[in-house]
Amino acid sequence: MLAVDQPDLFYARQQMAFSLGAHIILACMGMSVPFLVVLAEWKGQRTGDPVYTTLARRWAKVMGVLFAVGAVSGTILSFEFGILWPRWMGRFGDVMGLPFAMEGFAFFLEAIFIGIYLYGWDRLPPRVHLLAGIPIGIAGVASAFFVVAANGWMNDPTGFTVDTRGNVTHVDPWAALFNSALWPEAIHMILAAFIVGGCLVAAPYGWAMLRGRRTRYERVGLLLPLTVAMLATPLQIVVGDWAARHVAQHQPAKLAAMEGLYATTKGAPLHIGGIYVDNDVKFGIPVPDGLSILAFHDPNAVVKGLASVPAADRAPVNVVRISFQLMVAIGFAMLGLGLWMLLAWRRRQSVPRSRWFLRGVVLAGPASVVALECGWITTEVGRQPWIVWNVMRVRDAVTDAPNIRFGYYLLLVVYAFMALFSLIVIRRLTHAPLPAEVAEMHEPDDDG
Amino acid sequence: MTLAEACAAAMFVGITLYALLAGADFGAGFWDLVAGGEAKGREQRALIEESIAPVWEANHVWLIFVLVTLWTAFPSAFASIMSTLYVPLTLAAVGIILRGAAFAFRKASETLPLRRLFGATFASSSVLTPFMFGAVVGGIASGRVPAGERTGNVLGSWLNPTSILGGVLAVVACAFLAAVYLTADAERRGHPDLVSAFRMRAIASAVVAGAVALAGVFILYHDAHDLFHGLTHRGAPLIGLSAAAGITTLVLLVRGAYAWARFSAALAIVAVLFGWAAGQYPYMLEHSLRISDAAGAHATLVAILVTLGVGAALLVPALTWLLVLTQRGTLSASADH
């Protein structure tokens, strides 16, 4: 391998992080919103309740816009793989490319059925239309599964050997696809999509209810997506634990960065909060043996610290650790929100009356996105300086092309406009007047 | 045929379908751009929007298909192309973002200023993207992308006579395809005035395409001699077929057989693309990298062909359904709720 002289490495990393960070939100919406739409349409068809049908149609319009933006922002990523990291793709493209080829087909099906679903409304028989909506979400989830398989491979590279001259040999793309990080990472990602999608769709209805609009429309619009998100949250905490234990086994240096553990320790403590300074967590609340218990389910387990790898091979601890802690904190806060909802439902078959609950729902929208990004930062920045764990460093993967920073600047401008106009367009779509039959549907137990 | 050639052929089928389907969507954007003022162009724009709205995303996926097949089956070629040609590819990518997002935004907007802004963005990026892809092809076909990990000439690889020719030809070919398809669409939907408008555009773009291709003969002779040799020898029958199909399309357009004109127009494009492939064979990167040398591991080539087979089995019924629904006019972009 030739050494790369790339003064713009920082910009290449920023560009990749930025475009992935933007796409991940759209990808999550692409997985979960189709299910919410189909669920609402199905309820509407079964009960004849126009509220469900109206919600389904509105969400479908937003889904159409988000899908278009997600489709193009996803395409950009496949360009960037080659433009920014040609040495990584050139060496390992045939090892870890297979899941992307599969993802291509899943995306294809998604695009076909979303076209049929969005433009077939009132043209196809209702049952056929409903059925045409189901493959969209399934294909979306399959796409995520395959993409995360490739990311899992970067964390736990399998399916090849590197010979003494540095050549990649004995390539087995199936072994690479089914790397050990695949299952915990993929399920964690898919559940995250349902939490993000559910919370983001529910939040505007919480906002409307806080502002005094409490018709059946707002109530159903809040309850249906929020229920999905709140069902996914406890599962997510269990899967998150599984994912963290996988990291503990396969990427001990990443776990050490997530926890700010410097020295390899038997019965390692866990610190809640605080900041990592001078090889130690300051101002955190220590839980004795906590990390050993969480990571290995054994209070006496030995947890490897950052000191077990050379200083150059350690991830930036505070970025990783704070992201990780924030993600976990948001996850537990959402669990609390879900329990509150469950208790209220058991008591009086309704949403909690408290305005604080509605505030919580509104907050859960952006908070779910923050948790998503934090999780992504944890796994990606936690992998640094490696692009392929313990095999290839990011700085050896980057292109040697000059002036790549300008591509980053250009993309920043384009994405800023895209985000702005997405919001404007979605706002207009969601603020169109409601059909009269839905707008007048007040519920008897409305108490404001 | 070796495994590597089978993968290259599959990828080339993807390139061809992308050109025929997404190319026409880009071409429709070109006609949107030149449709005239708000009142004058309204009907044309409505037809364009209705024709491409349900299908452009599915058509776009052929590009993804090509990219993932390229990097999985031919990782070194992918790396070389992407690093040397990163400027036109970045611009193509920006065009793709702007085109897709602006088109979706325009469909969802009702106020005139926003529709104008999104429409102009959609239309101009519909020209930018095919031009850049054409320039990329020109760079590869004229042997300006070196194999290996080192980046080649980042400007000369796409700012050269063959690339400019490729870019212009791509834009004209997209416009030609779109005009022919839109003529047939307008006839099917019963808009006689739009039929004659797009028929004129189809004829004009066919003539321009022919003229550019003729000029291209001289450009390639001087700038890309190996490609010229390939096109005039192994690729010659295909180039001849393309010219014949183009002339047939003109005749069919003049005689009003628009549905058939779509097929001969598509054939003209397919033949010229296959002519390029034949002219460049056995090189993946002209001069510098053969298909066999670019190929990845044997196990991966097998895996990708298996994946393509399974994927096609899933895809073909779905695509057929989409095609049947669009051809029957079941899917409507104008239905709004």
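How tilted is helix B:161-188 with respect to the longest principal axis of chain B? Cα atoms for both, answer in degrees (0 to 90, nearest 10).
40
First measure r as the distance between the Cβ atoms of B:K40 and A:F18, then evaluate 1/(1 + (r/R0)^6) with R0 = 51 Å and state the FRET efficiency to the nearest 0.05. Please list the in-between numbers first.
Numbers: r = 41 Å, r/R0 = 0.80.
After rounding to 0.05, the efficiency reads 0.80.
Treating cross-link reach as a plain straight distance, find the lysines whose alpha-carbon is under 23 Å from the alpha-carbon of B:K40, omitting any fewer than eight places away in the same chain.
Those lysines meeting the cut-off are B:K107.
Taking every pair of alpha-carbon atoms in region A:110-228, what share in percent sits in each 10 Å bin, from 0 to the bin with the longest distance?
12, 23, 27, 20, 11, 5, 2
Averaged over its residues, how many other protein chain Cβ atoms are within 10 Å of peptide B:293-302's Cβ atoms? Write down the numbers at each step before the final one.
Working: counts 0, 0, 1, 9, 11, 2, 12, 13, 3, 2.
The shielding value for this peptide is 5.
Which whole-percent values make up P(r) of region B:243-337 when all C-alpha to C-alpha distances are grouped in 5 Å steps starting at zero?
The distribution over region B:243-337 is 2, 11, 9, 10, 14, 17, 14, 11, 8, 4, 1, 0, given as percents.
Rounded to the nearest Å, what's the spacing between the alpha carbon centres of region A:247-323 and region A:65-117? Just the number, please.
35
Which loop-located trypsin sites (Lys or Arg not before Pro) does region B:147-189 contain, where loop means any DSSP state but H, G, I, E or B and the Cβ has at most 16 other Cβ atoms within 10 Å?
Working: sites: B:R150, B:R188, B:R189; in loops: B:R150, B:R189.
Listed in order of number, the matching sites are B:R150, B:R189.
Taking chain A as the reference, fit the longest principal axis to its C-alpha atoms, fit the long axis of helix A:182-210 to the helix C-alpha atoms, and give the angle between the two in degrees, 0 to 90, nearest 10.
40
Based on the Cα atoms of region B:218-283, what semi-axes does the equivalent ellipsoid have, where each is the square root of 5 times one gyration tensor eigenvalue, given in whole Å with the largest first?
Details: eigenvalues 150, 26, 11 Å².
Working through the eigenvalues yields semi-axes of 27, 11, 8 Å.
Given a Förster distance of 41 Å, report the FRET efficiency between B:V254 and B:T232 from their Cβ-Cβ distance, rounded to the nearest 0.05. Kindly include the intermediate steps, with their values, before the conclusion.
Numbers: r = 30 Å, r/R0 = 0.73.
Here the calculated transfer efficiency is 0.85.
Between B:P192, B:P282, B:P317, find the one with the highest GNM mean-square fluctuation for chain B; connect C-alpha pairs within less than 10 Å.
Top of the fluctuation ranking is B:P317.
Alpha carbon centre of region A:326-395 versus region B:21-49: separation in Å?
Between the Cα centres of region A:326-395 and region B:21-49 lies a distance of 44 Å.
If you plug each phi of region A:108-123 into the Karplus form 6.51 cos²θ - 1.76 cosθ + 1.60 with θ = phi - 60°, what whole-Hz ³J(HN,Hα) values come out, in order, with x for Gly and Pro?
4, 4, 4, 5, 5, 6, 5, x, 5, 5, 5, 9, x, 4, 6, 9
Test of the criteria: in region B:40-137, which GluC sites (Glu not before Pro) are in a DSSP loop and have at most 13 other Cβ atoms within 10 angstrom of their Cβ? Mind dumping the intermediate values first?
Values: sites: B:E43, B:E49, B:E50, B:E57, B:E110; in loops: B:E110.
Sites meeting the loop and neighbour criteria: B:E110.
Return the single residue from B:S205, B:S109, B:S288 with maximal mean-square fluctuation; model: Gaussian network over chain B, springs between Cα atoms under 10 Å.
Checking each option, the largest mean-square fluctuation is seen for B:S109.
Given H placed 1.01 Å from N in the peptide plane, which residues other than close sequence neighbours of A:V162 have an amide H under 5 Å from its amide H?
A:T169
Using modelled amide H (1.01 Å from N, peptide plane; none on Pro or chain starts), what sits under 5 Å from the amide H of A:Y276, excluding residues fewer than 5 places away?
Here A:K282 satisfy the definition.
How high is the relative contact order of chain A, given as a whole-number percent (alpha carbon pairs under 8 Å, six or more residues apart)?
Details: 674 pairs, mean separation 90.8, N = 448.
Relative contact order here is 20 percent.
What Rg and what Dmax come out for region A:278-396 when only alpha-carbon atoms are used, in angstroms?
Just the Cα atoms of region A:278-396 yield Rg and Dmax of 19.2, 61 Å.
Compute, for chain A, the length of the dipole vector about the Cα centre, with Cβ point charges of +1 (Lys, Arg) and -1 (Asp, Glu) only. Units Debye, rounded to 20.
Working: 35 positive and 31 negative charges, 220 e Å.
For chain A, the charge dipole is close to 1060 debye.
Translational D (Stokes-Einstein, µm²/s) of the protein assembly as shown at 4 °C and 1.567 mPa s when Rh comes from the Kirkwood sum over C-alpha pairs? Write out the running numbers ahead of the final one.
Details: Rh = 27.7 Å.
Here the translational diffusion coefficient equals 47 µm²/s.
Please list the non-local residues whose amide H lies under 5 Å from the amide H of A:V287, H modeled 1.01 Å from N, same-chain partners needing a gap of 5 or more.
A:L270, A:H271, A:I272
If I stretch the segment between A:R348 and A:I285 completely, what's the gain in nm (0.36 nm per residue apart, minus their alpha carbon distance), one decimal?
On the way: separation 63, 0.36 × 63 = 22.68 nm, distance 3.85 nm.
Length difference between fully extended and current span is 18.8 nm.
Among the lysines, which have Cα under 22 Å from the Cα of A:K282 when same-chain residues fewer than 8 positions away are ignored?
Counting by Cα, and skipping residues close in sequence, A:K282 has these lysines nearby: A:K254, A:K266, A:K304.
Residue by residue through region A:275-292, what is 3J(HN,Hα) from phi via Karplus (6.51 cos²θ - 1.76 cosθ + 1.60, θ = phi - 60°)? Round to whole Hz and write x for glycine and proline.
For region A:275-292, the Karplus-derived couplings read 9, 8, 9, 6, 6, 8, 8, 9, 6, x, 8, x, 10, x, 6, x, 5, 4 Hz, x marking Gly and Pro.
State the three equivalent ellipsoid semi-axes of chain A, derived from the C-alpha gyration tensor as the square roots of 5 times its eigenvalues, in descending order and whole Å. Provide the component values of the computation, followed by the final result.
Details: eigenvalues 318, 155, 72 Å².
Semi-axes (√(5λ), whole Å): 40, 28, 19.
For chain A, take the longest principal axis of its alpha carbons; what is the angle in degrees between that and the long axis of helix A:216-250, to the nearest 10 within 0 to 90?
Tilt of helix A:216-250: around 20 degrees.
Given +1 on the Cβ of Lys and Arg, -1 on the Cβ of Asp and Glu, and no further charges, what dipole in debye does the protein assembly as shown carry about its Cα centre, rounded to the nearest 20?
On the way: 54 positive and 49 negative charges, 294 e Å.
Here the protein assembly as shown has a charge dipole of around 1400 debye.
Among the aspartates and glutamates, select those whose C-alpha is under 17 Å from the C-alpha of A:K61, and discard any that sit fewer than 8 residues away in the same chain.
Leaving aside aspartates and glutamates fewer than 8 places away in the same chain, those within reach of A:K61 are A:E41, A:E110, A:D122, B:E49, B:E50, B:E57, B:E110, B:D336.
Considering every pair of different Cα atoms, what Kirkwood radius, in Å, is found for region B:145-245? Don't skip to the end; give the middle numbers.
On the way: mean 1/r = 0.0636 Å⁻¹.
About 15.7 Å, per the Kirkwood formula over Cα pairs.
Quick one: among B:T248, B:T121, B:T307, which has the greatest mean-square fluctuation in a GNM of chain B with alpha-carbon springs under 10 angstrom?
Taking springs between Cα atoms under 10 Å, the residue moving most is B:T307.
Hey, got the Cα dimensions of region B:3-301 along the principal axes, in Å, largest first?
Projected onto its principal axes, the Cα set of region B:3-301 covers 54, 39, 36 Å.
Which whole-Hz couplings ³J(HN,Hα) result when phi for each residue of region B:67-73 is put into the Karplus expression 6.51 cos²θ - 1.76 cosθ + 1.60, θ = phi - 60°, listed in order with x for Gly and Pro?
Couplings: 4, 5, 5, 4, 6, 7, 8 Hz.
Coordinate-derived values only; no laboratory data. Just so you know, these numbers come straight off a predicted model, no measurement behind them. Cβ coordinates were reconstructed from backbone atoms using ideal geometry, including for glycine residues, and neighbour counts include every protein chain displayed.
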